[in-house]
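Read-outs throughout are calculated quantities, based only on the coordinates presented, and are distinct from any laboratory measurement. Bear in mind that the values here come from a model prediction, so they are computed numbers and not experimental data. Here the Cβ positions follow ideal geometry from the backbone for every residue, glycine too, while neighbour counts run over all protein chains shown.
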Amino acid sequence: MHTTDLPTYQNLPTEDQSGYKCSWGLFDKDGVKDEVGTVNLLTPEVVAEAAKEVKLGKSVSLNWGLEKMHKPFGARLALNHKFIDWRQKEGFDFYCYDDEVNVNTQSGSQWDGLRHWGHSKTGLYYNGVHHDKLLQSGHLGIEQWSKRGGIVGRGVLLDYCHWAEKAKIEFNPMSGHKITIADLEAIAKDEAVTLQPGDILVVRTGFLKWYEEHSEELREKYITNGKAWIGVEGSERTLEWLWNNHFAAVVGDNIGFEVWPPTAGYSLHDHLLSLWGMPIGELWDLEGLSEQCGKQNRWSFFLTSAPLNVTGGYLKAALVDANATPY
Ligand code: UVW
């Protein structure tokens, strides 16, 4: 479906059980249920247009070090990294090491896939698959995004952290500090960017910067055992704005993109992942990108990402190998 054919937020159908606006069925084709959600908006035309963002050909990695989050929130597994020395193996005389990595994919830069989150009230995942049937169904596996060529398009960085510092707005990333749509609109104006349908919205909150600048003790207090983080506010206005801009995906440098704890009824995970099929990128390293965009005073770029290619199964989310090419 082309973005011009999409209904406005007000005209989206209402999902029967949750009572909320929902995109299920919009991207179905020839009677086949859609598996990739708003990634459908990354059409060849949108990608070709996005490639025009490349001016100088310099790229910035958005992939935070896998080993960085030492003690993740919610007792999620941190990186366990093993080296395999082939010299120790019987019958081989290579000089060679392999790596084995074991990690909860939510503990680092990742996309929340459509199998990660069902609606809190109904247990329904994108396009109506129930939690209890999901793993047997084979639907909504992260590999579907790989099959269509990964996630590639025009990224736009709305740099809240940079803007707030400039405007002398004090905020604590380890609190339920809400980034509102009025803030995001003010930032877009300040950066002189015009949002386009099919854009990948990238919001730098300052969460990851805080992490890098604080001790293990404070990280443990406010993240491992934390209860509140900075993020985008959940509200009717937020839903309307995110949908009506027809973003293909959203990304943050924080744990959940949205503020935590979420506002009752307005969990963006519920609405974006379950009701719209919109990927949420989390814990992306936006520090280098912010620096480069600031230097050039140019806040849009060509963004490529290769989600972890593992077929359905029990996978909740994808590691991300993402780069932005702002120059
Ligand atoms: C939160 O924990 C807020 O989100 P996720 O499960 O996507 O990390």
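Remark: the range 291-305, residue by residue, has Karplus-estimated 3J(HN,Hα) of 4, 5, 5, x, 4, 8, 6, 9, 10, 10, 6, 7, 10, 10, 8 Hz, where x stands for each Gly or Pro and the curve is 6.51 cos²θ - 1.76 cosθ + 1.60 at θ = phi - 60°. Close amide H partners of residue 232, meaning residues 5 or more places away or on another chain with modelled amide H under 5 Å apart, are 179, 258, 259. Which of 154, 87, 204 moves the most in a Gaussian network model of the chain with Cα springs under 10 Å? Taking springs between Cα atoms under 10 Å, the residue moving most is 87. In order along the range 181-195, phi translates into HN-Hα couplings of 5, 4, 4, 4, 5, 5, 5, 4, 5, 4, 7, 6, 9, 10, 6 Hz, rounded to whole numbers, per the Karplus curve 6.51 cos²θ - 1.76 cosθ + 1.60 with θ = phi - 60° and x for Gly and Pro. Across the alpha-carbon atoms of the range 1-55, the computed radius of gyration and Dmax are 14.1, 48 angstrom.
What FRET efficiency comes out for residue 263 versus residue 97 if R0 is 56 angstrom and r is the Cβ-Cβ distance? Round to the nearest 0.05. About 0.70, to the nearest 0.05.
Summarised as an ellipsoid, the range 1-120 has semi-axes of 41, 23, 16 Å, derived from the eigenvalues of the Cα gyration tensor scaled by 5 and square-rooted, with the largest first.
Could you line up 287, 191 from fewest to most neighbouring Cβ atoms inside 10 Å?
Details: 287 17, 191 20.
So the residues, fewest neighbours to most, are 287, 191.
Here the Gaussian network model covers the chain, with springs between Cα atoms less than 10 Å apart; of 233, 291, 90, 90 fluctuates the most. Available extension along the chain between residue 213 and residue 170 is 13.8 nm, counting 0.36 nm per residue and deducting the alpha carbon span.
Evaluate the relative contact order of the chain (contact order divided by residue number), counting alpha-carbon pairs under 8 angstrom at least 6 apart; express in whole percent. So the answer I get is 30 percent. For the pair residue 86 and residue 309, a Förster radius of 35 Å applied to the C-beta separation gives a FRET efficiency near 0.85, rounded to the nearest 0.05.
Give me Rg/Rg_expected for the range 174-327, where Rg uses Cα atoms only and Rg_expected = 2.2 N^0.38 Å with N residues. Present the calculation step by step, with values, prior to reporting the outcome.
Numbers: Rg = 15.6 Å, N = 154, 2.2 N^0.38 = 14.9 Å.
Scaled against compact globular proteins, the figure is 1.05.
Of 308, 134, 56, the residue with the greatest mean-square motion in the GNM of the chain, using alpha carbon springs below 10 Å, is 56. In terms of surrounding Cβ atoms within a 10 Å radius of their Cβ, 76, 219 rank from fewest to most as 76, 219. Which lysines, if any, have their Cα less than 21 Å from the Cα of residue 29, not counting same-chain residues under 8 positions apart? Within the straight-line limit of under 21 Å, residue 29 reaches these lysines: 21, 147. When the listed pairs 68/166; 209/295; 82/178; 33/209; 52/295; 168/295 are checked against a 30 Å cut-off, the alpha-carbon distance exceeds it for 82/178; 33/209.
Net charge of the neighbourhood of residue 248, taken over other residues with C-beta under 12 Å away and scored Lys/Arg +1, Asp/Glu -1, is +1.
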